[in-house]
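Engineer: Dumping the structure here so I can ask a few things about it.
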Amino acid sequence: MAAYIIAQINVTDPKRYQEYVKLAGPAGAKYGGKFLVRGGTKTTLEGDIPYSRIVIQEFKDLATAKQFYSSPEYQAARKNRLGAADFNMVIVEGA
């Protein structure tokens, strides 16, 4: 069953955040990740979604998504993101 990493992001330091993006994309690809949503215009239909950027990345299964998150490649990228964005991330299994 596919699994999806969903991130809600407000970038606070664009220069540092770009360093994260440069490393995180290739790290995801190494683990078979495919971006379904990467920013783009969003329209809130209900509630308050106080994040300007939404990212959804698909992986073949939950184990692979967790492997990506824990990987040395992603953790190196993550170090660049810390302090560069307000960031929430979750993994959900697909139907």
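Engineer: Taking all protein chains together and a probe of 1.4 Å, list D48, D86 from the most accessible to the least accessible.
Structural biologist: D48, D86
Engineer: Something else about it: Taking the radius of gyration and the Kirkwood hydrodynamic radius from Cα positions alone, what is the Rg/Rh ratio for the range 1-65, to two decimal places?
Structural biologist: The Rg/Rh ratio comes out at 1.00.
Engineer: For S70, what accessible area in Å² do you get when you roll a 1.4 Å probe over the heavy atoms of the protein chains, rounding to the nearest 10?
Structural biologist: The value for S70 is about 80 Å².
Engineer: For Q18 and I49, what does the FRET efficiency come to when R0 = 35 Å and r is the distance between their Cβ atoms, rounded to the nearest 0.05?
Structural biologist: The pair Q18/I49 has a calculated efficiency of 0.90.
Engineer: Could you name the aspartates and glutamates in cross-link range of K79, using Cα to Cα under 19 Å and dropping any fewer than eight places away on the same chain?
Structural biologist: K79 reaches D13, E19.
Engineer: Treating only the Cβ of Lys, Arg, Asp and Glu as charged (+1, +1, -1, -1), what charge dipole size does the range 39-95 show about its Cα centre? Round to the nearest 20 debye.
Structural biologist: 280 debye
Engineer: Just to verify a number: what accessible area does E93 come out at with the full protein assembly present, 1.4 Å probe, Å² rounded to tens?
Structural biologist: Around 110 Å² of this residue is reachable by solvent.
Engineer: Summing -39500 (n - 2.57) over the DSSP H runs of n ≥ 4 in the chain and dividing by its residue number, what mean residue ellipticity at 222 nm do you reach, to the nearest 500 deg cm²/dmol?
Structural biologist: Value at 222 nm, helices only: -12000 deg cm²/dmol.
Engineer: How many nm separate the modelled label positions at V92 and I56, each set 7 Å beyond the Cα in the direction of the Cβ?
Structural biologist: Here the answer is 0.8 nm between the modelled labels.
Engineer: Additional query: As a test of reading the structure, rank F68, F87, F35 by solvent-accessible area (1.4 Å probe, protein chains only), most first.
Structural biologist: Final ranking, largest accessible area leading: F35, F87, F68.
The values are calculated or read from the model by the stated rules, or taken from the named source; none is laboratory data. A quick note: this is a predicted structure, and the numbers were derived from the prediction, not measured. Here Cβ is always computed from backbone atoms with ideal geometry, including for glycine, and neighbour counts include all displayed protein chains. For accessibility, only protein heavy atoms count, side chains too; no ligands or nucleic acids. Shrake-Rupley method; radii C 1.70, N 1.55, O 1.52, S 1.80 Å.
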